[in-house]
Amino acid sequence: MLRCAVIGAGILGVCVAARLAESGAEVTLLERAQPGQAATRSSFAWLNANSKAPRAYHDLNYAGLRAWARLAAGPDGPGGTDWHRAVGNLEWAADAAGHAELTARVSRLTGWGYPAHLISAAAAAELEPALRLAPHTEAAWFPGEGYLLTGPLVARLVRHAEARGVTVLTGQAGQVTGLPGRAVRTAAGQLIPADAVICCAGRWVPELAVLAGAASHVPLVPWATPGAEAPGLVVQAGPAAGPRRVVHAPGIYLRPHAGGLVHLEAPDAAVDLHTPDTELRRWAAELLRRARLAVRGLDGAQVTGYRVCVRPMPSDGQSVVGWLPGAAGVYVAVTHSGVTLAAHLAGLIAAEVTQGTRSPELAPYRPDRFAVTRAVS
């Protein structure tokens, strides 16, 4: 039986572990914190192939949307439907230039067979009564999009994986300190034999590649330094009487959140891991102010929580998926589109690991595009 170790129990890691077990592998899932408590917990969790380019990456993400819909509807998924919200996405622009870009995007997506429409303010208000749209405003409607509630989903996925024989290790038992060749060493001192090690640890994947002695590095957008782009601010506020759908308004992105709250993000929230709490609070209040201008139902809302989330962002904007050159038996998967892609990628990865296949869908995303040239002495 093929022995697999999956490092990282975010949404991608738990999906991969479950699919490997379903394929007949003996699987250990390692997580140094708790499943779903890193980037997955804070993700906007927007299911989309909206602004993904080039075409191949759009198609990969669109396949991700369909994979989640099948899991939510079928008997072989993690169970329940409370985590899958296929409610659509509404977007509008602040000015003529932004509207021109939005119009061009809708036209391109329509040409690719993706559900996308320009609609009037009145039609948008029928779909989402909470919107505050000027009468002349034209909005874009993407009916196939939606979001996931990652908390209940990851909990269900972990139970689903364990029911298929996956061993889940957390804390020191799940903290990886070495990859000494066909094995994983943990902080608890355990050496876990593994014919294949699949690294799904988000921002920590480059560190794991170094531990494995790889001939390729996995470059991510910087996240640890002051002013780094990868961290983003995530805000919850409530009570919220709206919206019911994903909304991308000028300067603010929002969607419903569990517990009668709303999840808020903004493209220009300039925060990082070094931002003082007073500045984080100021930004959180600013996001709520913007949200009130975009939708109704938040007049009595208050900020209930905020945090800085580090988003794993490959440096060239494309996912990194495949066997790591120079590191025998080590496979990496890191992507900024993890929520959208997880269910579909898990199937592709499981097939490559257990069957030795090479998926044409993954050809553009191989880590060997970052091969390191070593000096010859």
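Taking the criterion of being at negative phi, of a type in the set (Asp, Glu), without any contact (Cβ under 8 Å) to a residue 40 or more places away in the chain and in contact with a strand residue (DSSP E or B) (Cβ under 7 Å, 6 or more places away or on another chain), would at least one residue in segment 148-163 satisfy it?
yes
Take segment 243-280 and flag every residue that is among the charged types (D, E, K, R) and closer than 18 Å to Asn48 by Cβ.
Arg244, Arg245, Arg255, Glu265, listed by residue number.
What number of residues in segment 5-23 are within 17 Å of Ala163 (Cβ to Cβ) and either touching a Ser or Thr at 6+ places or on another chain (Cβ under 7 Å) or of a type in the set (A, V, I, L, M, F, W, C) (or both)?
10
For residues in segment 52-107 being in a loop (DSSP other than H, G, I, E, B) and in the same structural domain as Ile349 (by TED's automatic domain parsing), which is surrounded by the fewest Cβ atoms within 10 Å (Cβ to Cβ)?
Pro54
Here are Gly189, Gly227: which of them is without any contact (Cβ under 8 Å) to a residue 40 or more places away in the chain and either more than 14 Å from Leu29 (Cα to Cα) or not small (Gly, Ala, Ser) (or both)?
Unique residue meeting the criteria: Gly189.
For residues in segment 19-41 being part of a helix (DSSP H, G or I) and farther than 30 Å from Trp112 by Cβ, which is modelled with the lowest pLDDT?
Result: Arg41.
Go through the residues of segment 299-316 one by one and say whether even a single one is free of Cβ contacts under 8 Å to residues at least 24 places away in the same chain, surrounded by fewer than 16 Cβ atoms within 10 Å (Cβ to Cβ) and hydroxyl-bearing (Ser, Thr, Tyr).
Checking segment 299-316: not a single residue is free of Cβ contacts under 8 Å to residues at least 24 places away in the same chain, surrounded by fewer than 16 Cβ atoms within 10 Å (Cβ to Cβ) and hydroxyl-bearing (Ser, Thr, Tyr).
For segment 176-208, what are the residues that are surrounded by 14 or more Cβ atoms within 10 Å (Cβ to Cβ) and modelled with pLDDT under 95?
Matches in segment 176-208: Arg182 only.
Just one of (1) buried (at least 17 other Cβ atoms within 10 Å of the Cβ); (2) farther than 30 Å from Arg182 by Cα; (3) touching a residue at least 24 places away in the same chain (Cβ under 8 Å) trips up Glu286, so point out which.
The failed condition is (3).
Select, from Ala343, Ala371, Ala350, the only residue that is touching a residue at least 40 places away in the same chain (Cβ under 8 Å), farther than 26 Å from Val221 by Cα and either not basic (Lys, Arg) or not assigned by TED's automatic domain parsing to the domain that holds Ala240 (or both).
Of Ala343, Ala371, Ala350, the one residue that is touching a residue at least 40 places away in the same chain (Cβ under 8 Å), farther than 26 Å from Val221 by Cα and either not basic (Lys, Arg) or not assigned by TED's automatic domain parsing to the domain that holds Ala240 (or both) is Ala350.
Looking at Ala343, Ala328 in this structure, which one is hydrophobic (A, V, I, L, M, F, W, C), farther than 30 Å from Pro276 by Cα and under 19 Å from the mean Cα position of the chain (by Cα)?
Answer to the check: Ala343.
Suppose we filter Arg369, Arg358 for residues that are charged (D, E, K, R), in contact with an Asp or Glu (Cβ under 9 Å, 6 or more places away or on another chain), over 24 Å from Cys4 (Cα atoms) and surrounded by fewer than 22 Cβ atoms within 10 Å (Cβ to Cβ); which single one remains?
After ruling out the rest, the residue left standing is Arg369.
Run Gly329 past the list (1) closer than 30 Å to Asp368 by Cβ; (2) in contact with a helix residue (DSSP H, G or I) (Cβ under 9 Å, 6 or more places away or on another chain) and report the number of the one that doesn't hold.
For Gly329, the failing item is (2).
Say whether the condition of being of a type in the set (Gly, Ala, Ser) and surrounded by fewer than 21 Cβ atoms within 10 Å (Cβ to Cβ) is met by at least one residue in segment 9-24.
Yes, that holds for at least one residue.
Which number in (1) closer than 20 Å to Thr40 by Cβ; (2) out of contact with any helix residue (DSSP H, G or I) (no Cβ under 6 Å at 6 or more places or on another chain); (3) among the hydroxyl-bearing types (Ser, Thr, Tyr) marks the one condition that Tyr114 misses?
(1)
Go through segment 230-266 and count every residue that is more than 20 Å from Gly146 (Cβ to Cβ) and without any contact (Cβ under 8 Å) to a residue 60 or more places away in the chain.
Counting residues in segment 230-266 that are more than 20 Å from Gly146 (Cβ to Cβ) and without any contact (Cβ under 8 Å) to a residue 60 or more places away in the chain gives 1.
The values are calculated or read from the model by the stated rules, or taken from the named source; none is laboratory data. Nothing here was measured: the structure is a model prediction, and the numbers come from that model. Because the Cβ atoms are built from the backbone with ideal geometry, glycine has one as well, and the counts that use them run over all protein chains shown.
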